[in-house]
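First comes the structure, then the notes that go with it.
The values are calculated or read from the model by the stated rules, or taken from the named source; none is laboratory data. None of these values were measured; they are calculated from a predicted model. Ideal geometry is used to build each Cβ from the backbone, glycine not excepted, and the neighbour counts take in all protein chains shown. The accessibility values were calculated without ligands, DNA or RNA, using every heavy atom of the protein model including side chains. Shrake-Rupley method; radii C 1.70, N 1.55, O 1.52, S 1.80 Å.
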Amino acid sequence: VRLRRKEFEPEHIDAVIRRLRELELLDDAHFAELWIANRQKLRPKGAQALRQELRAKGIDRDTVDQVVSSTIDEDDERAACEQVARQALRRYADVSDNTAFASTRSSRCSINSGVKHMAEMRYIECNL
């Protein structure tokens, strides 16, 4: 699409895309796997947020669903959830009513991170 907007000839675009696929440099599933691995290492997100990010990058829904389902399991979701909860607890540790505040703030964090809120709340309750 971008190349067409820049008025490249369709035959040239097709030839380049064909060559990139031959070299395995244009593989949405592989890109999604690498994206998720990197994301989970640096800034973990839940499956829902990962799906949204990959869709925003132009990866088709079926590929995204297949890769996320095969890559993210319940343990990954729990780990992302716990990290979001830990961050909220650290960030708001000095607030007088930190249980209520951390819960409220944590729910916002979980929504932004795409993690399951109930699991996160259990983590907070056990660690306050």
For the stretch 69-78, in residue order, the Karplus 3J(HN,Hα) values (coefficients 6.51, -1.76, 1.60; θ = phi - 60°; whole Hz; Gly and Pro = x) are 5, 7, 9, 9, 10, 4, 5, 5, 4, 5
Computing the accessible area with a 1.4 Å probe over protein heavy atoms, can you report the carbon and sulfur percentage for the stretch 14-93? 46
Charge dipole (debye, nearest 20) of the stretch 20-80; +1 at Cβ of Lys and Arg, -1 at Cβ of Asp and Glu: 400
Applied in sequence order to the stretch 32-37, the curve 6.51 cos²θ - 1.76 cosθ + 1.60 (Karplus, θ = phi - 60°) yields integer Hz couplings, x standing for Gly and Pro, of 4, 4, 5, 4, 5, 4
Accessible surface, per residue, of the stretch 1-56 when the full set of protein chains is kept, probe 1.4 Å, Å²: 83
Note, ³J(HN,Hα) from phi for the stretch 47-63, Karplus 6.51, -1.76, 1.60, rounded to Hz, x at Gly and Pro: 4, 4, 5, 4, 4, 4, 5, 5, 4, 5, 7, x, 7, 5, 4, 5, 5
Students often check this: by mean Cβ neighbours within 10 Å, which of 58-66, 5-13 ranks highest, and how do the rest follow? 58-66, 5-13
Tell me which of Ala15, Thr63, Leu42 sits at the most positive position along the dipole axis of the stretch 15-66, charges placed on C-beta atoms (Lys, Arg +1; Asp, Glu -1). Leu42
